[in-house]
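Since the structure comes first, as structure tokens, the remarks are kept for the end.
Read-outs throughout are calculated quantities, based only on the coordinates presented, and are distinct from any laboratory measurement. In this text, all values refer to a predicted model and were calculated from it rather than measured experimentally. Counting neighbours? That spans all protein chains shown, and the Cβs are built from the backbone with ideal geometry, glycine included.
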Ligand SMILES: [Zn+2]
């Protein structure tokens, strides 16, 4: 369960950048990402990752450009032996932002409607982290996996398949 912020602040407020009143020019921010961030997204396939996103915002009254540089360390159990693995999630995004009638959030172009006052980066950060995951979340070599766990899973799945491929017992029970 997401923990409640004692100050009464929205838990994802840290991932929003208010832009009204900014001076024209370059603004730099650093956003911390931790395990709690991912608890706000039930669909997240990442549970435990930590690190920072460096944000550069080029602001003007007619348009903005956002640069996001992500550098997270992700802890995830190996898909074969469950031993904890660490992967770097590194990613870069450039997003152009324009003003319009209706808000439309695209991959690299955002149109902001007249009532928008802040840039919500939470969904973008979530997507960047997921896209940066390696395709194989296992030890590089099976020989690096924990041999006891591999043996355990093998015997477990043999037992299960023996049970399912022997229907004779069920037939006897019905006699
Ligand atoms: Zn492994």
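Computed from the Kirkwood radius of its Cα pairs, the Stokes-Einstein diffusion coefficient for the range 13-141 at 10 °C and 1.306 mPa s stands at 100 µm²/s.
When a footprinting reagent is the concern and you count Cβ atoms within 10 Å, what order do 86, 40 take, fewest first? Write out the running numbers ahead of the final one.
Values: 86 10, 40 13.
Going from least to most buried by this count: 86, 40.
The label point for residue 50 and the one for residue 151, both projected 7 Å from the Cα toward the Cβ, are 3.4 nm apart.
State the extension gain, in nm to one decimal, for the chain segment bounded by residue 117 and residue 82, taking 0.36 nm per residue of separation less the distance between their alpha-carbons. Walk me through the numbers before you get to the answer.
Working: separation 35, 0.36 × 35 = 12.60 nm, distance 4.42 nm.
Gain in length upon complete extension: 8.2 nm.
Going by neighbour counts of Cβ atoms within 10 Å, the residues 105, 95, 125 line up, fewest first, as 105, 95, 125.
Got a sec? Which residues in the range 25-55 would a label at residue 130 touch, if it sits 7 Å along Cα→Cβ and we count backbone N under 11 Å? Counting backbone N atoms under 11 Å from the label point, the list is 41-46. In this simple spin-label model, placing a label point 7 Å from the Cα along the Cα-to-Cβ direction at both residue 143 and residue 14 gives a separation of 4.3 nm. Summary of packing: across the peptides 51-59, 10-18, the per-residue average of other C-beta atoms within 10 Å ranks them, highest first, as 51-59, 10-18. The modelled label-to-label distance between residue 71 and residue 41, using points 7 Å beyond Cα along the C-beta direction, is 2.1 nm.
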